[in-house]
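Values in this text are rule-based calculations from the coordinates and carry no lab data. As the structure is a prediction and not an experimental result, all values here were calculated from the model. When we count neighbours, we look across all protein chains shown, and the Cβ atoms used for this are built from the backbone with ideal geometry, even at glycine.
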Amino acid sequence: MYDKQYAACLHGIDGTIVDVEVDISNGLPYFQIVGLPDSSVKESTERVRSALRNSGAVFPLERITVNLAPADLRKEGATFDLAIAVGVLCASGQLRLPGMDRCLIIGELSLDGRLRPVRGVLAMTDAARRLGIGQVLLPLENVGEAQLIEGMRVAGIGSIGELLQRQEHLFVNIPPSSGLRDAPYLSERDEAIGEDFVDVCGQFQAKRALTIAAAGFHNLIFIGPPGSGKTMLIRRLPSILPALTDEESLEVTKIYSAAGQAPVQNRLIRQRPFRSPHHTVSLGGLVGAGSYPKPGEVSLAHRGVLFLDELPEFPRGALEALRQPIEDRRVTIVRAKAVFTFPTHFLLAATMNPCPCGIFGFATRASSCICSPVKVHQYRSRVSGPLLDRIDMHVEVPRIEYDSLRTGGSASSGELRASVQRALARQAKRYANAPLRFNGELTGRLLREHCRLLPDGQKLLADSFEALGLSVRAHDRILKLARTIADLEDSDTIGTPHLAEALQYRCLDRKL
Ligand SMILES: Nc1ncnc2c1ncn2[C@@H]1O[C@H](COP(=O)(O)OP(=O)(O)OP(=O)(O)O)[C@@H](O)[C@H]1O
Ligand SMILES: [Mg+2]
């Protein structure tokens, strides 16, 4: 007696469809899974056996072999439980599922036969759709998530008992899902930090820098004395970031689904993520950990903001590990069993004090820096040159005058967001036929094509290149930044003032 079902497993954040073949033949009672299963998959035999018995089904006392194909792919996790149970029930004639020969079956079983939700449903359902599999059977809690993929017919069940009861009626009256159009999503109220730039007094230059960063997706670092409002300013960055496109929403939701982050289960993420890991974060927590790695902070911040407050306090290893994700916009984790790649296209926003006491370069009549030059140098060198080179804007945030504190807030998030939107509309027009959305993503040929300078600008950039000892990477980043500044000013050409403003954001190149 033979039966075949489709299940799936996660590989990084992508789903892979796995054939589950069940063969029951005469012989001494035996239940084995073959096809490169991990120990977590082998344990499935115990769960399936108990779940069937406790649901009123008969567990066949015969020779049962389960094969998971393709055999060269190492399988991990408990997502195969349900498919194996269905296979055993069908092969032993206890379950009839007409019209379900192309159905993805995923779910973890508990010993009493109830189903537990699994992570990564979105990616697995997407993999099924690509192979032309149009039906999904999974735990009730995961139904909403699978419905985010358009055109799938999704049936949810609570237990094996319910499966046996409904049998051939499982997919009756279940229409294809409408995908993202009607998807419930995390509303602004649920997720927004509820903070507005109007709360920040003064700090025009810092707000300007954040507007530029949001408009072109550029990295930035704030440097300034304690209490000047650096953390406060960056926490308000999400309030001016443009919304995610449908495609980006799906990408981000897939990552959170693979990471098993509960609050987003069944819902689409519509807002850009904002991740602010503490400086005690481990290397694994930052880039992805485990022998089957889950996405780390750099991937959870994909298409959003990675906020590193107090940058010099982060361990050196963690900061150096950021170099590849920033440059390549993905991180590759090599394990003995396989290679995993996660997307990491984030906007890096960081803060730092200029020295251990925090006043160097920002002395006032009442206070001056007490750190020795060696100490200042040591402190600053905790943030390496190559990392700073990857940060487009270095912005000084001095303490504000008492007067601006008294006069209160200036531009609100609404006003800043309007300029970001205008700049974004210009970029959308320019990149209508290119695979990018923000100036910050320009590279190579496209960069040279869209960031042409006038002769005056060329001379200014040539002079600064030598005077500041800029790297080629910094040179490219300045050009992209100047492009965004020109877009914010509604200008088709990059003028000298735009370039000059972009150049002034490289202050740490001069000081370190
Ligand atoms: N420009 C400002 N307008 C209004 N309030 C401000 C401003 N700057 C600072 N504050 C107030 O001071 C508090 C401390 O600011 P914040 O934590 O952002 O400082 P910081 O620059 O990050 O300091 P540190 O370097 O010590 O981390 C804020 O929570 C806010 O209440
Ligand atoms: Mg701070």
| request: Report the GluC sites (Glu not before Pro) located in the stretch 302-392 that are in a DSSP loop and have at most 14 other Cβ atoms inside 10 Å of their Cβ, or state none. | output: GLU310
| note | Expressed in angstrom and rounded, the centroid-to-centroid distance over alpha carbons for the stretch 299-361 and the stretch 45-78 is 42
| Using a basic spin-label model with each label point 7 Å from the Cα along Cα→Cβ, how many nm lie between ARG63 and ARG116? | 3.3
| remark: The lysines whose Cα lies under 18 Å from the Cα of LYS75, excluding any fewer than 8 residues away in the same chain, are LYS4, LYS42, LYS294, LYS337
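State to the nearest 20 debye the size of the charge dipole of the stretch 295-360 about its Cα centre, where the only charges are +1 on K and R beta carbons and -1 on D and E beta carbons.
The dipole magnitude comes to about 400 debye.
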| query | What angle, in degrees between 0 and 90 and rounded to the nearest 10, separates the Cα long axis of helix 121-130 from the longest principal axis of the Cα atoms of the chain? | reply | 70
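Calculate how many DSSP beta bridges within the stretch 2-182 are antiparallel, expressed in % of all such bridges and rounded to the nearest 5.
Taking every DSSP beta bridge with both residues in the stretch 2-182, the antiparallel ones total about 55 percent.
Ranking ILE370, ILE149 by Cβ neighbours within 10 Å, fewest first, what do you get?
Neighbour counts put them in this order, fewest first: ILE370, ILE149.
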| request: List the residues of the stretch 281-322 whose backbone N lies under 17 Å from a point placed 7 Å from the Cα of ALA338 along the Cα-to-Cβ direction. | output: 288-296
| remark: Partner lysines whose C-alpha sits under 18 Å from that of LYS207, ignoring same-chain residues fewer than 8 away, are LYS230
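Of the DSSP beta bridges with both residues in the stretch 189-432, give the percent that are antiparallel, rounding to the nearest 5.
35
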| remark: Note: ARG422 to LEU447 extended length (0.36 nm per residue) minus current alpha-carbon separation gives 6.9 nm
| field | Assigned charges on the beta-carbon of Lys, Arg, Asp, Glu; the stretch 1-107 dipole about Cα centre (debye) | value | 280
| query | What's the angle, to the nearest 10 degrees (0 to 90), between helix 81-91's Cα axis and the longest principal axis of the chain? | reply | 20
| note | One finds, for TYR30 and GLU150 with R0 = 56 angstrom and r their Cβ-Cβ distance, a FRET efficiency to the nearest 0.05 of 0.85
| task | Please give the helix 246-258 orientation as an angle from the longest Cα principal axis of the chain, in degrees from 0 to 90, rounded to the nearest 10. | result | 60
| said: Need one number: nm distance between label points at SER381 and VAL281, each 7 Å from Cα along Cα→Cβ, rounded to one decimal. | reply: 2.6
| When the chain is fully extended, how far beyond the present Cα-Cα distance does GLU195 get from SER367, taking 0.36 nm per residue of separation? | 58.8 nm
| task | Grab the beta carbon distance between PHE204 and HIS169, set R0 = 60 Å, and tell me the FRET efficiency rounded to 0.05. | result | 0.40
| said: Need one number: % antiparallel among DSSP beta bridges in the chain, to the nearest 5. | reply: 45
